[in-house]
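In what follows, a single structure is set out as structure tokens and then discussed.
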Amino acid sequence: MNEEQQIVVDFLTGKTGKSKFYFNDFLPLFPGKGPRDVKKILTSLVNAEKLEFWSSGSTTMYGLKGAGKPDTDA
Amino acid sequence: MAKHATPKLDQLESGPWPSFVSDIKWEAENRAKNADKVNYQIPVDCPADLLGVLELSYNDGETHWKHGGIVGVFGYGGGVIGRYCDQPQAFPGVAHFHTVRVNQPAAKYYSSEFLRQICDLWDMRGSGLTNMHGSTGDIVLLGTQTAQLEEIFFELTHKYNTDLGGSGSNLRTPESCLGTSRCEYACYDTQDVCYQLTLDYQDELHRPAFPYKFKFKFDGCPNGCVAAIARSDFSVIGTWKDDIKIDQAAVKGYVGGEFAPNAGAHSGRDWGKFDIQAEVVDLCPTKCMKWDGSKLSINNRECTRCMHCINTMPRALHIGDERGASILVGAKAPVLDGAQMGSLLVPFIEVNQPYDEIKEVIEKIWDWWMEDGKNRERLGETIRRLSFQRLLEVTEIAPQAVHVKEPRHNPYIFWKEEEVPGGFDRDIEAYRTRHQR
Amino acid sequence: MAFVSSGYNPDKPMENRITDIGPRKYDQFYPPFIAKNKGKWLYHEILEPGVLMHVAESGDKVYTVRCGTARLMSVSLIREMCDIADKYCQGFLRFTTRSNVEFMTDNADTLKALKADLAGRKFSAGSNKFPVGGTGAGITNIIHTQGWVHCHTPATDASGPVKAVMDEVFADFQAHRMPAPLRISLACCINMCGAVHCSDIGLVGIHRKPPMIDHEWADRLCEIPLAVSACPTAAVRPTKVDYKGEKHNSIAIKNERCMYCGNCYTMCPALPISDGEGDGVAIMVGGKVSNRISMPKFSKVVVAYIPNETPRWPTLTKTVKHIVEVYAANANKYERLGEWAERIGWERFFSLTGLTFTHHLIDDFREPAYYTWRQSTQFKF
């Protein structure tokens, strides 16, 4: 994992009380970067099977793979 | 013999309108028979169980579906909606019943060959039930299980050369009217822009990183057959700048009763003889038309291109030749602060491949909205919160009188410091030399 | 039911993966006469309800037969459409934004045979598979959402009320008797997946009770902070409660702030919102999308609540039919329902229709409300 990916993972494993986050929640982790660059970091983590998407159908969130309460007994 | 008794739903089989209950029952029978020896990958009786759980809702007036968020295909954040039944023991066939959205071809033309391929796939790996189409425009495949999602995606991309649509906080599947393909009113090739931008923005469509959903829709003219102005964050609506073309002989054809007005749309009632003065000239919202008994004239400079006269006499009047589109932004349904119609941002833009000018406007808006939009805030709400002026600044568009229906009702203008000579820093000492305390 | 692999390898999801290819290109699916005349159309005529003729500069004529569908359809029915397309339409067809299916041919004899064939196709219980209509100054197909068939927050069904309403107004699907086009839409909750808010007649499922709270399960089933942040009106907050003698981390809801959107239930299954007694349908009228004559308009609520009377929603269908008839009898030619109501005034709309005006119909939701009150001495007694 590169340094930027590590920043995201550290944030998610830290004490947040939540397992899922909006895209905007990650922007403050990278003050110098625009949204498109931050998206690239998140995408790379999804492709590396570290993160996964959670979708309400209308909105989408990111979380660590397998974190949080299990979805309905799938 | 049906798996579940559905006395209430059975009452929706009578009457002339196509009965979805009859159709689902038919699919249940066909699956039970399995004449084509399909190797069903999800329960054969899921259509029967769907009717069963629906009958339950008809009895208690409540839904029996739950949402499930972590279903999808690897690497994509949209295109699949998770669904679970809250009575899985009674209706095991639909215990897991996820929706797959497939990106429709622009304006929904199909070959029977392609549609049959989708049917075969969905017969084997899904419920055999669909929506043609979802509100946004996708082919909606209604009901499959988690283990089938990657298989469906693999077959769609490998065998059928097609992809999923959008859901969640992303670019939603774009849609267009049928445009120049079969309409004389279309001011640009709506299908082509729709297709090209869908391809160019695949990353935005599949990997959500917006504050909320974002919709493009492309209407070929102000009649608005795909309702872009009412429901898309970014509506491109065809228009023209020059004169409406008039065929005076055809005008006389309408006046003389040779042609049915409004293309025959009023044929079911006797509205009396066509009266060009009352039905066209007097209904023109800008009163820019004249009929002198033999010649129709239009003061095109005053025309606002509402389409009424053209719709009413389509053989006689035609859209101008200097064609393009207006861009309106920020439409949305009422949640949360009330419904919004699209607001005019770009009065006129040429619509030519590769559509770089349109994309430039889109990307400036995204850069701004991704940075400054709040979570779950549609573009229209961001504009309201941060001002239309801010939108003009970020898109580098000069304010014009056409941007408003009327000027502001108050003088509470947020002046910028640089607009005021000398700026906001003033010298209190110097002031006191002129004024006592 | 042995598992059949597509070729996908779950151990290596990225292997041979194809992504981001988008939809098939539209022009692969043009019938030849569409491909030939694209961009060169001269005019069109509606020959009869549901049958269009487009005439190109070349002199070519294309006939389109438009048929209503239930939108919810089986692969068996789609295959039947494909058979029809193969027999009469050179293997092509299209769907409209309003869920109609269109069969096209450039041959007048084929058109005749196609129409005769379509008229004879029925479902086993007798309803039409392909009713022809939905054009001009009539009532076209209802745009609608999923309802109890597939959604987790609906306040009504969608397919059922749509079937009941379309049966009621079916004659006008196949006629051009209205003063102008009349568009009906249905959304099964206030989130309005369908664009109901700009329809001549919009039917909207509404909940009237805030979610219940399953205190015992809230902390087990969901992440409470996510349910809190899902609420658009900040009505949801975390709290600790005593329930059956035990302390639970749970949720409190400020009922007076709840707008019944169901977003919290989406995030948290311990907050069910559906309620058989509370749920039902509101009727909104007078919206339009077209820029023709007047600018686009939002629909306005004229009936606050009609209960879900399954399976055929008799009060709802009767009310819709009544509004349609009063509009048809009173509006001028070319006048959309909303234009008519504005010309005569909404007070006259209520007196003509006999609908009861109640306090529910006065807007009190946030800033736009003020602009809907009457700031004038002009009104009708």
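Just one residue in the set B:Ala260, B:Ala227, B:Ala278 is crowded, with 22+ Cβ neighbours inside 10 Å and without any contact (Cβ under 8 Å) to a residue 40 or more places away in the chain; that residue is B:Ala227. Give the number of residues within the range C:154-184 that are among the aliphatic types (A, V, I, L, M), more than 7 Å from chain B (Cβ to nearest Cβ) and closer than 22 Å to C:Glu339 by Cβ. Summing the residues that are among the aliphatic types (A, V, I, L, M), more than 7 Å from chain B (Cβ to nearest Cβ) and closer than 22 Å to C:Glu339 by Cβ in the range C:154-184 gives 5. Screening the range B:230-257 for residues that are of a type in the set (Lys, Arg) and surrounded by fewer than 24 Cβ atoms within 10 Å (Cβ to Cβ) and picking the one that is nearest to C:Gly287 (Cα to Cα) gives B:Lys241. With respect to A:Ser19, is the statement that it is within 11 Å of chain B (Cβ to nearest Cβ) and surrounded by 17 or more Cβ atoms within 10 Å (Cβ to Cβ) true? Yes; evaluated as a whole, the condition is true for this residue.
Screening the range C:133-144 for residues that are within 12 Å of the chain's Cα centre (by Cα) and more than 19 Å from B:Leu51 (Cβ to Cβ) and picking the one that is nearest to the other protein chains (Cβ to nearest Cβ) gives C:Ile143. Among the residues of the range B:1-40, write down those that are without any contact (Cβ under 8 Å) to a residue 60 or more places away in the chain, surrounded by fewer than 23 Cβ atoms within 10 Å (Cβ to Cβ) and aromatic (Phe, Trp, Tyr). Within the range B:1-40, just B:Trp26 meets the criteria. Residue count for the range B:178-212, restricted to those that are away from chain A (no Cβ under 14 Å) and acidic (Asp, Glu): 4. Selection of strands (runs of 3 or more DSSP E) fully inside the range C:228-307 by the criterion of at least 2 residues being under 24 Å from B:Gly61 (Cα atoms) returns C:280-285, C:300-307. Would you point out which residue out of C:Leu47, C:Leu77 is free of Cβ contacts under 8 Å to residues at least 24 places away in the same chain, within 9 Å of another protein chain (Cβ to nearest Cβ) and either buried (at least 19 other Cβ atoms within 10 Å of the Cβ) or in a strand (DSSP E or B) (or both)? Going through C:Leu47, C:Leu77 in turn, the sole match is C:Leu47.
Within the range C:345-366, being at pLDDT 95 or above, in a loop (DSSP other than H, G, I, E, B) and either loosely packed, with under 15 Cβ neighbours inside 10 Å or touching a Ser or Thr at 6+ places or on another chain (Cβ under 6 Å) (or both) holds for C:Gly345, C:Gly354, C:Thr356, C:Phe357, C:Thr358, C:Ile362.
Considering the range B:291-342, the residues that are basic (Lys, Arg) and in contact with a helix residue (DSSP H, G or I) (Cβ under 7 Å, 6 or more places away or on another chain) include one that is farthest from C:Phe365 (Cα to Cα), namely B:Lys295.
Would you confirm, using the coordinates I've provided, whether B:Ala430 is farther than 30 Å from B:Ala333 by Cβ, at pLDDT 95 or above and not acidic (Asp, Glu)? It is true that B:Ala430 is farther than 30 Å from B:Ala333 by Cβ, at pLDDT 95 or above and not acidic (Asp, Glu).
Listed by position, the helices (runs of 4 or more DSSP H) inside the range B:325-437 whose residues that are hydroxyl-bearing (Ser, Thr, Tyr) and touching a residue at least 60 places away in the same chain (Cβ under 8 Å) number at least 1 are B:379-386.
To keep it simple, each residue is scored yes or no on (1) out of contact with any Gly (no Cβ under 6 Å at 6 or more places or on another chain); (2) at positive phi; (3) acidic (Asp, Glu).
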site	(1), (2), (3)
C:Thr156	no, no, no
C:Pro161	yes, no, no
C:Asp167	no, no, yes
C:Gln174	no, no, no
C:Arg177	no, no, no
C:Met192	yes, yes, no
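Against the list (1) within 13 Å of chain B (Cβ to nearest Cβ); (2) out of contact with any strand residue (DSSP E or B) (no Cβ under 8 Å at 6 or more places or on another chain); (3) farther than 23 Å from B:Trp65 by Cβ, the condition C:Glu256 fails is (1). The listed residues are B:Ala107, B:Ala48, and the only one of them that is crowded, with 23+ Cβ neighbours inside 10 Å and either over 32 Å from the mean Cα position of the chain (by Cα) or among the hydroxyl-bearing types (Ser, Thr, Tyr) (or both) turns out to be B:Ala48.
For the range C:41-66, the candidate set comprises residues that are within 25 Å of the chain's Cα centre (by Cα) and among the hydrophobic types (A, V, I, L, M, F, W, C); within that set, the residue that is nearest to B:Gly179 (Cα to Cα) is C:Leu52. For the range B:66-74, the condition holds for no residue, the condition being that it is modelled with pLDDT of 95 or more, surrounded by fewer than 24 Cβ atoms within 10 Å (Cβ to Cβ), at negative phi and not aromatic (Phe, Trp, Tyr). For the range B:283-297, the tally of residues that are closer than 24 Å to C:Arg343 by Cβ and part of a loop (DSSP other than H, G, I, E, B) stands at 6. Within the range B:51-67, at least one residue is within 23 Å of A:Lys65 (Cβ to Cβ), without any contact (Cβ under 8 Å) to a residue 40 or more places away in the chain and in contact with a Gly (Cβ under 7 Å, 6 or more places away or on another chain).
Cβ separations smaller than 6 Å between residues 6+ apart or across chains give the following pairs from the range C:338-360 residues that are without any contact (Cβ under 8 Å) to a residue 24 or more places away in the chain to residues that are part of a helix (DSSP H, G or I): C:Phe357/C:Phe350. The criterion of being at pLDDT 95 or above and either within 22 Å of C:Gly120 (Cβ to Cβ) or crowded, with 24+ Cβ neighbours inside 10 Å (or both) does not hold for C:Glu57. Restricting attention to the range B:238-246, does a residue exist that is within 27 Å of C:Ser199 (Cβ to Cβ) and either facing another protein chain (nearest Cβ under 8 Å) or in a strand (DSSP E or B) (or both)? Yes, that holds for at least one residue. Here C:Gly245 passes the criteria (1) crowded, with 16+ Cβ neighbours inside 10 Å; (2) at pLDDT below 95; (3) more than 8 Å from every other protein chain (Cβ to nearest Cβ) except the one numbered (1). Within the range B:106-133, if we keep just the residues that are at the interface with another protein chain (Cβ under 8 Å from one of its Cβ atoms) and part of a loop (DSSP other than H, G, I, E, B), the residue that is nearest to B:Lys215 (Cα to Cα) turns out to be B:His133. The condition (being within 14 Å of chain A (Cβ to nearest Cβ) and either within 15 Å of the chain's Cα centre (by Cα) or closer than 24 Å to B:His96 by Cβ (or both)) is satisfied by just one residue among B:Glu150, B:Glu175: B:Glu150.
Within the range A:54-61, one or more residues are β-branched (Val, Ile, Thr), without any contact (Cβ under 8 Å) to a residue 60 or more places away in the chain and in a strand (DSSP E or B).
Exactly one residue out of C:His197, C:His207, C:His215 is more than 10 Å from chain B (Cβ to nearest Cβ) and closer than 30 Å to C:Thr319 by Cα, and it is C:His207.
The values are calculated or read from the model by the stated rules, or taken from the named source; none is laboratory data. Since we're looking at a predicted model, the values are computed, not measured. Positions of Cβ are generated from backbone atoms using ideal geometry, with glycine treated the same way; all protein chains shown enter the neighbour counts.
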